[in-house]
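The values are calculated or read from the model by the stated rules, or taken from the named source; none is laboratory data. Here the structure is a predicted model, which is why all the values come from computation and not from measurement. All Cβ positions, glycine included, derive from the backbone under ideal geometry; neighbour counts span all protein chains shown.
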Amino acid sequence: MRTGAGLTAMIIAILALSIAQQASSQATAQDHLDPVMSTFSIVACDPEHGFWGVGVQSRVVGAGAIVPAAEAGVGAIASQARANVEFKTLGIELLRQGLGADEVLDRLTAMDEGRAHRQLAIVDAECRAAVFTGQSTMAWAGHRTGPNYSVQGNILAGEAVVDAMAAAYEAAEAAVAPFGERILAALKAGQDAGGDIRGRQGAGLLIVREGGGYGGGDDRYADLRVEDHVEPILELERVYDVWMSLFHPADHYMPRGRKPIPVARGAHVCELQRMLAVAGHGSPPQPGRPCVYDDELISALKAFQQAEGLPVRADLTAQARARLNERAAPAQH
């Protein structure tokens, strides 16, 4: 009987051999049949809240299915240009074994004879980013890396696309935007800077977090795709808002998110009550008792605003949200 380690080694060896054996045909016959997965994308990680994610847009249908891969606590990958989809399976397996992004990138590209036509970006379990743009990738092609993220693309309007993506992601992070909104901000900025010179069609957003899936049963916090649309990124943003409001309201609405509180009860109201209690105002949510935006909670909110020298109102403003996130930060998880 093979041990778990032995099986893992065998799987890696088989996948590596498969890449090596098929590289030549992928660079010739198959690549002439399949559309080039030219696109712009972002791979990113939020170490504070345990998120990994990939956002992508392309003038090809199915970009959200072909390009990204991610696993909570392991890392995230974007494989594009003459995309080698086997990079995703093998890359995640190597990351799972504890290899860093740089080492995984080196191993994958070294075994692939078609690497000159590939673009590959990785963030690992420690949020370290590594990216490769092959010398024969169709111009303009290139990438930028920053703290906990990488942005990259090919057949782009120019270098300004990735520069705009990087700036937008960092600005959204500085504004304490939720992780998904940071990725969407990067995609929108890339499109505004010219994006894919062929146009636009498909987009995708994959975000993972431990226990973040439906009912806590897996790590699929959000796995959203727009396959064929005249404005795929804007449509992806719309679907994201619908998804988050239904499945992750505590992360979407104030105080943790940035959307105004839409209804007077729910998980987002519980989070507001909890954070106010951490800040020293009101009592925390009680098990079995619904959280309601009632007079008691409003009084706690007003007391917090007064104590912080903020305008005293019955609703939660962006300024009060930012201050409350600061005051309740030690209790964030």
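For this structure, a couple of remarks:
- Segments classed as helices (runs of 4 or more DSSP H), wholly inside the range 266-333, with at least 2 members that are in contact with a helix residue (DSSP H, G or I) (Cβ under 7 Å, 6 or more places away or on another chain), more than 30 Å from Asp46 (Cα to Cα) and in contact (Cβ under 8 Å) with a residue 12 or more places away in the chain: 295-307
- Checking the range 319-328 against the condition returns no match, with no residue being among the basic types (Lys, Arg), in the same structural domain as Ala172 (by TED's automatic domain parsing) and closer than 30 Å to Asp192 by Cβ.
- The residues of the range 225-253 that are among the hydrophobic types (A, V, I, L, M, F, W, C) and surrounded by fewer than 21 Cβ atoms within 10 Å (Cβ to Cβ), listed by number, are Val230, Leu234, Val239, Val242, Trp243, Leu246, Phe247, Ala250.
- If you go through the range 116-129 and keep only what is over 22 Å from the mean Cα position of the chain (by Cα) and touching a residue at least 60 places away in the same chain (Cβ under 8 Å), you end up with just His117.
- Residues of the range 258-299 classified as of a type in the set (A, V, I, L, M) and buried (at least 18 other Cβ atoms within 10 Å of the Cβ), total: 7
- Selection from the range 37-69 of residues that are among the hydroxyl-bearing types (Ser, Thr, Tyr) and at pLDDT below 95: Ser38, Thr39, Ser58
- Looking only at residues of the range 209-251 that are part of a helix (DSSP H, G or I) and among the hydroxyl-bearing types (Ser, Thr, Tyr), we find that the one that is farthest from Gly73 (Cα to Cα) is Ser245.
- Among residues of the range 173-201 that are in the same structural domain as Gly53 (by TED's automatic domain parsing) and over 22 Å from Cys127 (Cα atoms), those with a beta-carbon under 9 Å from a residue that is aromatic (Phe, Trp, Tyr) and part of a helix (DSSP H, G or I) at least six positions away or on a different chain give the pairs Ala189/Tyr169.
- Among the residues of the range 165-201, those that are buried (at least 23 other Cβ atoms within 10 Å of the Cβ), farther than 21 Å from Gly257 by Cβ and at pLDDT 95 or above comprise Met165, Gly190.
- Ala160, sole failed condition from (1) touching a residue at least 60 places away in the same chain (Cβ under 8 Å); (2) within 16 Å of Phe40 (Cα to Cα); (3) in a helix (DSSP H, G or I): (1)
- Counted residues, the range 144-162 - those being surrounded by fewer than 24 Cβ atoms within 10 Å (Cβ to Cβ), under 21 Å from Pro68 (Cα atoms) and more than 17 Å from the chain's Cα centre (by Cα): 1
- Residue check, Val208 in contact with a helix residue (DSSP H, G or I) (Cβ under 8 Å, 6 or more places away or on another chain) and over 28 Å from Tyr293 (Cβ atoms): no
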